[in-house]
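Here's the structure, in structure tokens; my notes come after.
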Amino acid sequence: MDQEKKRVVDLSHMHGEGMVCEPYIDRYQVEWLEKAGVDGGLADLEVRRCCPHTGTHIDAPYHALADGITLEQVDPLVLCGPAVVVQLAVPEYWHGITKEELQDWEKDHGEIRPGDAVLLFTGHAGKWERGYEEFIGKGYPYLDPDAAHYLAEKKIRLLGTESINVDKTGMESHRILLGNGVIIVENICRLEQIGADRCRIFGTFPAVRGASGTWVRLLALV
């Protein structure tokens, strides 16, 4: 494909005030330490406070595993490389994606390959702007443990989901994936703009010592 024919799709939600998150997590806050031209201020300096497991974010193994590696030890290239967009027709709210659903998709679209990033496209990202009740409270697509085992056995490198969580309750699918070296990115969006089963993704994240996760800017090249 010629370079001029490629386009970039931003798979990340805007990060900032008003982001949807669980009610027990403090909302995004901004405190200005200094404003340029105000009370002698020379520059705009702020403190932004928010749980890193909100917005479009990466989960390091330490998020679910006490002995898992922390963020600065995660391969910085994990967000870069081939990706497969697995589009599934699922119920509007609670639904556990199964191994059989993934296998049915593969029959029509081709095998999920070792080293792939698997991006689960369910349409749930369209509820992001509707607030907590629609995006989280009423339910969301998650990954059944049998599907998590299947993807881990496939040796994928990354799982991306439009939902805020790969689990409905507990952390079983998190532990299966992260325990097998599969990094998780939650709250991705705009998968419908890719328009193909396969693409390449790229992005990066800060090396935060001891962190269980952080915000990411994930892009697709199609």
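The values are calculated or read from the model by the stated rules, or taken from the named source; none is laboratory data. Here the structure is a predicted model, which means the values were calculated and not measured. Ideal geometry is used to build each Cβ from the backbone, glycine not excepted, and the neighbour counts take in all protein chains shown.
Assorted remarks:
- If the condition is being within 22 Å of Met14 (Cβ to Cβ) and either small (Gly, Ala, Ser) or in contact with a helix residue (DSSP H, G or I) (Cβ under 7 Å, 6 or more places away or on another chain) (or both), then region 167-187 contributes only Ile184.
- Residues being assigned to a loop (DSSP other than H, G, I, E, B) and at positive phi - total across region 52-94: 1
- One residue from Asp59, Asp26, Asp67, Asp75 being under 18 Å from the mean Cα position of the chain (by Cα) and loosely packed, with under 13 Cβ neighbours inside 10 Å: Asp75
- Close Cβ contacts (under 9 Å, 6 or more residues apart or on different chains) running from residues in region 109-133 that are closer than 19 Å to Ala196 by Cα and without any contact (Cβ under 8 Å) to a residue 40 or more places away in the chain to residues that are in a helix (DSSP H, G or I) and among the aromatic types (Phe, Trp, Tyr) comprise His124/Phe135.
- Qualifying position, being out of contact with any strand residue (DSSP E or B) (no Cβ under 7 Å at 6 or more places or on another chain) and aliphatic (A, V, I, L, M), among Ala117, Ala147, Ala89: Ala89
- Scan of region 194-213 for residues that are part of a strand (DSSP E or B), of a type outside the set (Gly, Ala, Ser), more than 21 Å from His109 (Cβ to Cβ) and modelled with pLDDT of 95 or more, ordered by number: Phe202
- Identity of the residue in region 165-193, in a loop (DSSP other than H, G, I, E, B), touching a residue at least 24 places away in the same chain (Cβ under 8 Å) and out of contact with any Leu (no Cβ under 8 Å at 6 or more places or on another chain), that ends up surrounded by the fewest Cβ atoms within 10 Å (Cβ to Cβ): Met171
- Residue count for region 49-61 satisfying the condition of being of a type in the set (D, E, K, R) and either within 30 Å of Val118 (Cβ to Cβ) or modelled with pLDDT of 95 or more (or both): 1.
- Number of the exception - Glu46 against (1) modelled with pLDDT under 95; (2) in a loop (DSSP other than H, G, I, E, B); (3) not β-branched (Val, Ile, Thr): (2)
- Residues of region 167-189 that are in contact with a His (Cβ under 9 Å, 6 or more places away or on another chain) and on the phi > 0 side of the Ramachandran plot: Asn187 alone.
- When the residues of region 120-144 are filtered to those that are touching a helix residue (DSSP H, G or I) at 6+ places or on another chain (Cβ under 6 Å) and of a type outside the set (D, E, K, R), the one that is farthest from His174 (Cα to Cα) is Trp128.
- Filtered residue count, region 38-50, keeping only those that are surrounded by 10 or more Cβ atoms within 10 Å (Cβ to Cβ) and of a type in the set (Gly, Ala, Ser): 1
- Selected residue (criterion: farthest from the chain's Cα centre (by Cα)) from residues of region 134-152 that are under 16 Å from Glu101 (Cβ atoms) and of a type in the set (D, E, K, R): Asp146
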